[in-house]
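As structure tokens, the structure follows; a few thoughts come after it.
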């Protein structure tokens with residue numbers, strides 16, 4: 001069971017990143033991240049507008065619903081994401097798997113609301129994307145998070161619900177977002193973001209020394225000892241990484257007996273924090289920002305494709 005009490009604590013078996021998706025009959029199956037991710041969107045920008053030197057962030061900032069080239073990129077990206085969601089909703093990728101996978105497939109099939117979050121859902125692009133998905137996937141309700149790439153920070157802060165200040169950190173695949181949350185998570189003051197690759201070792205992994213260094217760097221922006229809530233781009237098993245080989249954080253499993261305990265008792269106090277308030281998988285943290293009376297899923301669009309189960313009203 002994960003921190004928010006859901007009976008469906010996600011594992012590596014739930015990955016949308018690796019879910020095989022066939023876009024057309026002529027295409028071979030490819031992982032969903034091939035079709036829908038930051039690198040995939042960048043490829044579409046170059047494909048539709050040769051010579052366009054905009055980064056993905058610049059494209060999202062300057063996106064115009066009235067520009068035909070931007071609309072063409074949006075339509076292609078939306079078509080791909082629609083196919084990914086349709087594939088997930090069939091449940092076929094997990095129907096013959098473990099007990100967890102069968103339960104997960106059933107949750108997708110019973111899902112009534114889809115929430116989009118992550119950096120690729122920001123601004124006008126995210127709103128247009130949600131509109132196209134809802135039209136194609138009816139009767140599924142499709143919402144876009146108003147916090148885009150900051151949704152995980154909001155989810156952590158609002159779930160913890162502290163009236164006192166709380167530090168929130170989102171360790172993503174390419175960036176580390178940080179903020180100071182006030183008033184039960186209803187206001188978050190951003191702290192400077194960090195680039196993950198600056199902290200990786202020779203094997204391209206984020207290990208204990210890097211974690212401790214980032215914590216110390218974060219503490220320098222604060223005036224006092226505060227609790228810290230963390231989301232991590234890594235599937236967690238009751239506060240410790242699953243033993244799988246994906247992403248940059250998974251080998252933290254080798255650096256301590258139990259990550260949440262080590263953070264709370266050792267790494268955070270030594271960096272000047274009062275302790276660990278919450279540790280969650282990053283897409284689960286984003287899902288904590290929303291509650292619904294019926295089954296709902298969070299899909300985060302960024303460097304990869306993340307998924308989390310939104311809590312139910314009246315849940316733990």
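The values are calculated or read from the model by the stated rules, or taken from the named source; none is laboratory data. Predicted model only: the values in this text are computed from it and were never measured. Glycine gets a Cβ as well: all are built from the backbone with ideal geometry, and neighbour counts include every protein chain shown.
Computed values, structure above
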item: Any hit, segment 205-216, residues being at pLDDT 95 or above, part of a strand (DSSP E or B) and under 20 Å from the mean Cα position of the chain (by Cα); result: no
item: Selection status of residue 10, in contact (Cβ under 8 Å) with a residue 12 or more places away in the chain and part of a helix (DSSP H, G or I); result: no
item: Segment 138-151 - residue that is crowded, with 19+ Cβ neighbours inside 10 Å and farther than 13 Å from residue 186 by Cα and, of those, farthest from the chain's Cα centre (by Cα); result: 142
item: Flag for residue 212 being out of contact with any strand residue (DSSP E or B) (no Cβ under 6 Å at 6 or more places or on another chain), closer than 12 Å to residue 178 by Cα, surrounded by fewer than 20 Cβ atoms within 10 Å (Cβ to Cβ) and without any contact (Cβ under 8 Å) to a residue 60 or more places away in the chain; result: no
item: Boolean, residue 81 is without any contact (Cβ under 8 Å) to a residue 60 or more places away in the chain and in a helix (DSSP H, G or I); result: no
item: Within segment 269-316, tally of residues that are surrounded by fewer than 24 Cβ atoms within 10 Å (Cβ to Cβ), part of a helix (DSSP H, G or I) and touching a residue at least 12 places away in the same chain (Cβ under 8 Å); result: 2
item: Filter result for residue 261 (surrounded by fewer than 18 Cβ atoms within 10 Å (Cβ to Cβ), outside any loop (DSSP other than H, G, I, E, B) and out of contact with any helix residue (DSSP H, G or I) (no Cβ under 6 Å at 6 or more places or on another chain)); result: yes
item: Every residue from segment 85-98 that is surrounded by fewer than 20 Cβ atoms within 10 Å (Cβ to Cβ) and within 11 Å of residue 133 (Cα to Cα); result: 86
item: All positions within segment 122-137 that are out of contact with any helix residue (DSSP H, G or I) (no Cβ under 8 Å at 6 or more places or on another chain) and buried (at least 22 other Cβ atoms within 10 Å of the Cβ); result: none
item: Residue in segment 102-117 that is in a loop (DSSP other than H, G, I, E, B), outside the structural domain of residue 189 (by TED's automatic domain parsing), more than 17 Å from the chain's Cα centre (by Cα) and crowded, with 20+ Cβ neighbours inside 10 Å present; result: yes
item: The one condition in (1) surrounded by 20 or more Cβ atoms within 10 Å (Cβ to Cβ); (2) under 22 Å from the mean Cα position of the chain (by Cα); (3) part of a helix (DSSP H, G or I) that residue 70 fails to fulfil; result: (2)
item: Residue in segment 182-198 that is farther than 17 Å from residue 232 by Cα, surrounded by 20 or more Cβ atoms within 10 Å (Cβ to Cβ) and at pLDDT below 95 present; result: yes
item: Any hit, segment 181-199, residues being in contact (Cβ under 8 Å) with a residue 40 or more places away in the chain and in a helix (DSSP H, G or I); result: yes
